[in-house]
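Every number here is computed from the coordinates shown, using simple stated rules; none is lab data. Only a predicted model underlies this, so the values are computations on that prediction, with no experimental measurement involved.
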Amino acid sequence: MIPALVLAVMTVLTPTQERELERIATLGYISGREPVPERTGVILHAPESAFQGYTLYTPAEGPEAYLIDMEGEVVHRWSTPGALIWSRAHLFPNGDVVVITRKPARLYRLNRDSELVMRYRKPAHHDFDVRPSGAIYVLVRNAVMLPEIRDGAPTLDDAVALIDPMGHEYRRVSIVDAFMHSERYAAWFEELELPEGADIFHTNSIEVFERDGRTQALLSLRSISTLAILDIASREIVWALTGPWRMQHEAQFVGDNVLLFDNLGLGEQSRVIEIDPDTAEIVWSYTEEGFFSKGAGAQQRLPNGNTLIVESENGRIIEIDPSSEIVWEYVNPETVDDAGETILGILRAERLPADFPLDWLEGAAGVRKPSRGS
C-alpha cells in the first residue's frame, strides 16, 4: 500500500542516484537476437488484399530506421552515431524523422540526410506522439526518493512531457502524482501492489487524443499490466483498467475500443487483442502457434480493416485481414554477423499509405542500401 502523503518526501538526488537513473532508464528493451529463419525479407505479399504503401520500422539494435516498399526494398534509411537503439520513428512529409533513442535515452529530430535538427536532452524513453501543431508529447522519467516504496534507493516516476518543435519543454505531468490526485483512482492506487525494483510503471506507449474539448493521453503501464487515461490539464488519471492481458504494449484506440499487444496474458504465447474499455471484454484477438514476444510488440489497424502486427523478438512484421489470414509478411533481413546466425528484432513498424509524399527522396543524402531478402 502507498501512503497518501508519499509524494511529500521526494528529495534531490545524489550523483550516484543520478547515475542509477541513467542505468535503469534503459531497462526493458528486447535483445532482438533470434535464430535466422530459412527466408527473410518479404516472404508473402497478396497485393489484392494487403494495404498498399510503405513500411517504416526500427530494428532492435542499431541507431536507425528503415523505409521499405511492399516488396521489402529499402527506399531510405536514417541513422546517427552515438545511440544504441531507436525505439520509435515518426516520418514527416518533408523527410524529417523524430526518433526516440536508448543510451542515451533522448529524443531527436533529424532531416532526410540524418542531420540533427532538434535535440531534447532529458531522459525520454519508449514512446512519443507528434501533434498536428508540431508539439510532441513524450514519455520521460525522473528518479525520486520515495522511502515508502524503495527505502534508500531511487524510484522511477514516469511522466508525460510536452515539448515544442524546437525541443523546449513547457509542461510535465507526473504519473504517480496524477494517480494520487485522481478523484476516482487515488484510493485504487494506494491499495495497488507495486512490483519490486525501481521501475514501478514501465510506461511504454502514449497516444494523445481530444475528448470533450480536453487533451488526454492513453497510457500503457507495463509493470502493473494497466491501461490508463491521463487528463493533461487537470493532471489526474481519469480512467484505469486491468484485465486478462499481462505486460502489454502499444495501447491505441480503434473507434471506441482499445487495441493492444498482449505479451504474456497467455503465458508463453502472445496475442493482439481489441477490448471494450467499459468492460475489459475481448471483442477480437489474433494469435497463432509460436507467436510470442516477451518484450516489445506493436500493432496498427489499417484503413482497409487489416491489422499490421510486429512480433518484435522474432524480427517479424505481418499484415492480417479481418479473417486473420496473413496477406503480407516480412522478416528482418539484417543479421548480426555474416554467418547469419542471429537476426535482429524489430521494435515498431508503421504502414504509410502509397500516396505518402516522397518527393524529398530526390537528392537526399540519407544512407540507402539494397534489401537482403531472399
Only Cα pairs within less than 10 Å get springs; with that Gaussian network setup on the chain, which residue of Ala105, Ala228, Ala187 has the largest fluctuation? Ala187
If you plug each phi of the stretch 126-143 into the Karplus form 6.51 cos²θ - 1.76 cosθ + 1.60 with θ = phi - 60°, what whole-Hz ³J(HN,Hα) values come out, in order, with x for Gly and Pro? 6, 7, 7, 9, 8, 8, x, 6, x, 5, 10, 9, 10, 6, 10, 9, 10, 8
Can you give me the angle between helix 15-24 and the longest principal axis of the chain, using Cα atoms only, in degrees from 0 to 90, rounded to the nearest 10? 40 degrees
Expected max-MSF residue from Val254, Val331, Val160 in the GNM of the chain (alpha carbon, under 10 Å) is Val254
Could you give me the ³J(HN,Hα) list for the stretch 53-60, computed from phi with Karplus coefficients 6.51, -1.76, 1.60 and θ = phi - 60°, whole Hz, x at Gly and Pro? x, 10, 10, 9, 9, 10, x, 7
Among Pro132, Pro47, Pro277: highest mean-square fluctuation, GNM of the chain, C-alpha pairs under 10 Å: Pro132
